[in-house]
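> Here you go, one structure.
The values are calculated or read from the model by the stated rules, or taken from the named source; none is laboratory data. Nothing here was measured: the structure is a model prediction, and the numbers come from that model. When we count neighbours, we look across all protein chains shown, and the Cβ atoms used for this are built from the backbone with ideal geometry, even at glycine. The area values use the complete protein model at the heavy-atom level, side chains included, leaving out ligands, DNA and RNA. Shrake-Rupley method; radii C 1.70, N 1.55, O 1.52, S 1.80 Å.
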Amino acid sequence: QVQLVESGGGLVQPGGSLRLSCAASASTFSIYIMGWYRQAPGKQRELVATIISGGSTNYADSVKGRFTISRDNAKNMVYLQMNSLKPEDTAVYYCHAKRVVNEYWGQGTQVTVSS
């Protein structure tokens, strides 16, 4: 069982930045594919970004060039740096961990982009 705890969400003005953090309890954290997803009101949960152990990343087209996912395997942490935020980025952001057929979700953190 892996526990994921997100932090760093909040209210930010358009054009602003936020950094989300996710702390994982897994003792074998480094072998998990880590990711961030988000779910806006009335919409399905969607992929934001993923990162594998070696550091290769993948991003949704809507966040490319604005968001950066990173991980620190020594600290069991994954981060999402979000720049140039837009109102359409408003959503609950979830940390996700996957290894083979096992996957885990955090409780989510709210990000609201509004003036």
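Okay, residues lined up against (1) within 16 Å of G9 (Cα to Cα); (2) modelled with pLDDT under 95:
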site: C22; (1), (2): yes, no
site: S30; (1), (2): no, yes
site: V48; (1), (2): yes, no
site: T57; (1), (2): no, no
site: D61; (1), (2): no, no
site: T109; (1), (2): yes, no
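> Only residues that are in a loop (DSSP other than H, G, I, E, B) and either on the phi > 0 side of the Ramachandran plot or among the aromatic types (F, W, Y) (or both): list them for segment 57-67, please.
If the condition is that a residue be in a loop (DSSP other than H, G, I, E, B) and either on the phi > 0 side of the Ramachandran plot or among the aromatic types (F, W, Y) (or both), then G65 is the only one that fits.
> Of all residues in segment 68-82, how many are assigned to a strand (DSSP E or B) and either without any contact (Cβ under 8 Å) to a residue 24 or more places away in the chain or open to solvent by 80 Å² or more (accessible area, probe 1.4 Å) (or both)?
Residues flagged as assigned to a strand (DSSP E or B) and either without any contact (Cβ under 8 Å) to a residue 24 or more places away in the chain or open to solvent by 80 Å² or more (accessible area, probe 1.4 Å) (or both) within segment 68-82 amount to 3.
> Right, next: Tell me, which strands (runs of 3 or more DSSP E) wholly within segment 1-56 include 1 or more residues that are open to solvent by 60 Å² or more (accessible area, probe 1.4 Å) and out of contact with any Phe, Trp or Tyr (no Cβ under 7 Å at 6 or more places or on another chain)?
4-7, 10-12, 33-39
> State which residue is farthest from Q1 (Cα to Cα) when the search covers only segment 22-71 and only residues that are among the basic types (K, R) and out of contact with any helix residue (DSSP H, G or I) (no Cβ under 9 Å at 6 or more places or on another chain).
Looking at the filtered set, the residue picked out is K64.
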